[in-house]
1. Tally time: how many residues in the stretch 210-233 are within 16 Å of Ala269 (Cα to Cα), modelled with pLDDT of 95 or more and of a type in the set (A, V, I, L, M, F, W, C)?
2. Condition first: within 16 Å of Gln606 (Cα to Cα) and free of Cβ contacts under 8 Å to residues at least 24 places away in the same chain. Now tell me which residues in the stretch 657-684 satisfy that.
3. Among the residues that make up the stretch 517-525, is at least one of them closer than 15 Å to Phe495 by Cβ, under 42 Å from the mean Cα position of the chain (by Cα), surrounded by 19 or more Cβ atoms within 10 Å (Cβ to Cβ) and in contact (Cβ under 8 Å) with a residue 12 or more places away in the chain?
4. Taking the residues in the stretch 569-593 that are more than 40 Å from the chain's Cα centre (by Cα) and assigned to a strand (DSSP E or B) as candidates, determine which candidate is nearest to Thr615 (Cα to Cα).
5. Out of (1) in the same structural domain as Gly670 (by TED's automatic domain parsing); (2) of a type in the set (S, T, N, Q); (3) surrounded by fewer than 16 Cβ atoms within 10 Å (Cβ to Cβ), the odd one out for Gln561 is which?
6. Which of the numbered conditions does Glu464 fail, given that it passes all the others? Conditions: (1) free of Cβ contacts under 8 Å to residues at least 60 places away in the same chain; (2) closer than 30 Å to Val543 by Cα.
7. Restricting the search to the stretch 1-24, which residues are closer than 14 Å to Val54 by Cβ and either in a strand (DSSP E or B) or free of Cβ contacts under 8 Å to residues at least 24 places away in the same chain (or both)?
8. Name every residue in the stretch 641-659 that is of a type in the set (A, V, I, L, M) and in contact with a Phe, Trp or Tyr (Cβ under 7 Å, 6 or more places away or on another chain), in order of residue number.
Amino acid sequence: NSNNNLIDTQKAFTTNIYSVELINSSNNNITNNNFNASNINGGDAAIKMDENSVDNYLNNNTPNFGLLTDDTYSVLFDENGVYKFPAGVDILTLAGDLYNKDLIFTNNLTFVNGGDYTIYNGTIILNDVEGRNYTDRFVNIKNINVDNKGKPALIDNLTIYRQRNVQVTGGQYFVEGDGISAFESVSDISLYTILDVSNVTVLMGGNDVTAFKMIRDVYSRNDYLYIRDCNISIISDGKGTAFEVVNTNLDMLRSNIVQVSDEVVTLYAKDVYANGQFFMNNNITVLGENIALITLKDNHGSNPSFGNNTIRVTSENPVSVFNVTNASNTYIGQGQSTSSYYYTPNTIMVDAENGEVPLIYVDAKGYVRNNYILASDVFGDAAVSAQTVSNNTPYVTNIIIAPDVLYKGGDNVITANAVGSDKKAVEGTFTFYVNGEEAYTADGTTASFTYKPTTTADVEVTVEFTTDLLNYADNVNTSIISVVVGDAVITMDDFTANAGETVTLTANVKDVFGDAVTSGKVTFKVNGKTVKDANGKVIYAKVIDGVASVEYAVPEDFAGQNFTVTAVYTGSANVAKTQNTSTLTVNNPEASIEFENEPVTASVGQTVTFTVKVTGDATKVVFKVNGKSLKDANGKVIYAQVVDGIATIEYTIPENMKAKDYTLTAVAMGSERLTTEQTLTISE
């Protein structure tokens, strides 16, 4: 209800289908705007008008989207998989899952995901074409998902020296194979390629795999691998490498990296321009047999700094966390000044025995300061070989007090253990205080004494520990321990039975000291309902020598289900009321699936019903025509829920189905994959 308006040079990004809606509105001038509706509709197409909105002038509104699906691929790409860059298309949008198709781009573009769609077994390839240069330096790839087996997710095949900023933002890239990289940029010349990757998830599996590989045959500061805010996970049977960088520039910032491989390399960098704070704020977790985590060789930059990284490593062999050669003025931890900006300590925890192998080695002029460094047999400054080493934290002695609970009237044992942060016992002197009064003193790595509380008031236990060992610090710990009347300890095995048979439910009852309880009663519940006799009265099972049991008839309708069995001990003079649970598993009947409806004959546009009968534990059914799952109007697979053993859907025959016989398959989704088939006939 608004007329004669001017909307000009505005920007609107919305998650709706349209950016602008005109309702009963006419004679409006809408020009030169940037409208983006969910990366699907853009420009003029993002403006919706009802039938009462007339004489509106739309001009030069951008962007225009090209929608990429399996069906439109041949329209947007040529027979060689090269993008045609169709006139009038500003942004290419992945508008559906794509299968077995490579995407070759020869010019700058923006490629976005219109939903949560995935490219399956397809590689994004950047090529130069003879006689054509990129008209703009930016290639933007946003929120694209790739799931590949045996081929990379992205390959830089550029061959012409010209600045190209390849910006990959968001999305998940799963690559599995042998001798393969997820992101690959390898050339014998300098290309001035800037591969800028942020907020992506990279998942890799296979043998000898690399997440990011940028290699040049000659040194180039202009080629640049820039990784930030990413999640990288590599599981490899052989060698797994996160970053391999040779003869280029690089920065790795704020990323989470998990690697499980026989041979682990997080960063191998040779003849690179590592400058300033280039490897910072990363969280690295590694498990492997042979680990050379970070290698920096022959650096061309100045003051390369590794800071604020958290590194956790587990191995049965000695580990190299940092190996730096021919890289002058390397800083690991504290930077080149004492200001807070340069205070960037690393936390390095290694579950391995390194012997004489340093965790950190810097051969040239290097500084390793103010880090937390801990391995199984070496720690602090002793774990480092470098020119300047200082203030790297040694072991802390942890005083562990047990138990958490004392029992009134019983002979309770209070124990303290001294354990270093290297997970080794520490020898020294323990002094115990109970409610502020000295109670006991002993020497060793552990000490304990007996204490019998007479009330249920909390007990404050303080342990002072002193040691003459130079590598461990003295410490004090206080624990507030609750005092309670002891509960019974009930244990039950899980039960298995068939529907309709009788099963014996048995509970074992002991006190907190492990002795059998000889008094009291136990009631049993199955899924919250108390077990009763044939007259509807609750059955109380007497505890005799620590055992109570009842007979229970399993109902027929329990077949194929699990139920919680609860045993409730009613309590006695010296033991408190308590309960515990186990599981009753009632075996499944034989699983099956069959069509209830007769074979269907229908024409295109007609709505038909498919119905199957299902037994077993399946909860839903997928219908397929000639092996392809039926999908709804939004391209999502239709799941028919199993209700009372029946699964049914209504389906409208698509207009593009040809008149012929098809195989209709129903697939039950349960512990067993069951299928049944019948013929679907499409008539003229």
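The values are calculated or read from the model by the stated rules, or taken from the named source; none is laboratory data. Keep in mind that this is a model prediction, so the values were computed, not measured. Here the Cβ is made from the backbone with ideal geometry for all residues, glycine too, and neighbour counts use every protein chain on show.
1. 6
2. Lys660, Asp661
3. Scanning the stretch 517-525 turns up at least one residue that is closer than 15 Å to Phe495 by Cβ, under 42 Å from the mean Cα position of the chain (by Cα), surrounded by 19 or more Cβ atoms within 10 Å (Cβ to Cβ) and in contact (Cβ under 8 Å) with a residue 12 or more places away in the chain.
4. Within the stretch 569-593, the subset more than 40 Å from the chain's Cα centre (by Cα) is 569-577.
Next, only the ones that are assigned to a strand (DSSP E or B) stay: 569, 576.
Working: Tyr569: 38, Ala576: 45 Å.
Among residues in the stretch 569-593 that are more than 40 Å from the chain's Cα centre (by Cα) and assigned to a strand (DSSP E or B), the one nearest to Thr615 (Cα to Cα) is Tyr569.
5. With (1) in the same structural domain as Gly670 (by TED's automatic domain parsing); (2) of a type in the set (S, T, N, Q); (3) surrounded by fewer than 16 Cβ atoms within 10 Å (Cβ to Cβ) applied to Gln561, the lone miss is (1).
6. Failing condition for Glu464: (2).
7. Leu22
8. Listed by number, the list holds a single entry, Ile649.
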